[in-house]
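Just below is one structure, and these are the notes that go with it.
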Amino acid sequence: MDMILPPSLVAYLNSEATTDVESLATCFAADAVVHDEGRVIRGLDAIKAWKKDAKAKYQYTVHPLDAVQDQATVTMRARLSGTFPGSPIEVTYRFVLVNDKIALLEIR
């Protein structure tokens with residue numbers, strides 16, 4: 001990936017390559033919110049549980065394609081491959097950063 005991303009997003013993408021959900025504390029704010037698959041996940045503990053469940057259920061990988069940053073918002077397109085119908089797919093991640101941590105993540 002030849003993109004320049006904020007450190008918290010690099011940490012998030014690195015965490016995607018592992019099953020270690022504890023590393024999410026380095027990139028998400030304690031009160032962060034995630035929107036994924038029609039669900040709203042609030043708080044770091046819930047985000048860790050969401051990530052653990054998603055990794056086990058879909059066994060997916062994330063391949064970033066491009067990213068655009070507009071102040072505190074980073075929009076990144078990525079290819080997801082895994083054990084889900086229609087794999088691989090392209091999705092859009094919208095990250096909102098506060099104090100260099102992910103405060104909001106929307107996956108569409």
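The values are calculated or read from the model by the stated rules, or taken from the named source; none is laboratory data. This structure is a prediction, so every number in the text was calculated from the model and none was measured. Neighbour counts run over all protein chains shown; Cβ positions are idealised from the backbone, glycine included.
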Just a yes or no: is a residue in segment 61-80 surrounded by 12 or more Cβ atoms within 10 Å (Cβ to Cβ) and charged (D, E, K, R)?
-> yes
Selected residue (criterion: nearest to ILE107 (Cα to Cα)) from residues of segment 30-43 that are surrounded by 15 or more Cβ atoms within 10 Å (Cβ to Cβ) and within 13 Å of the chain's Cα centre (by Cα) = ASP36
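Okay, residues lined up against (1) assigned to a strand (DSSP E or B); (2) among the acidic types (Asp, Glu); (3) at pLDDT below 95; (4) under 19 Å from VAL91 (Cβ atoms):
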| position | (1), (2), (3), (4) |
| --- | --- |
| LEU5 | no, no, yes, yes |
| LEU9 | no, no, no, yes |
| TYR12 | no, no, no, yes |
| THR19 | no, no, yes, no |
| SER23 | no, no, yes, no |
| ALA29 | yes, no, no, no |
| VAL34 | yes, no, no, yes |
| ILE41 | yes, no, no, yes |
| ASP45 | no, yes, no, no |
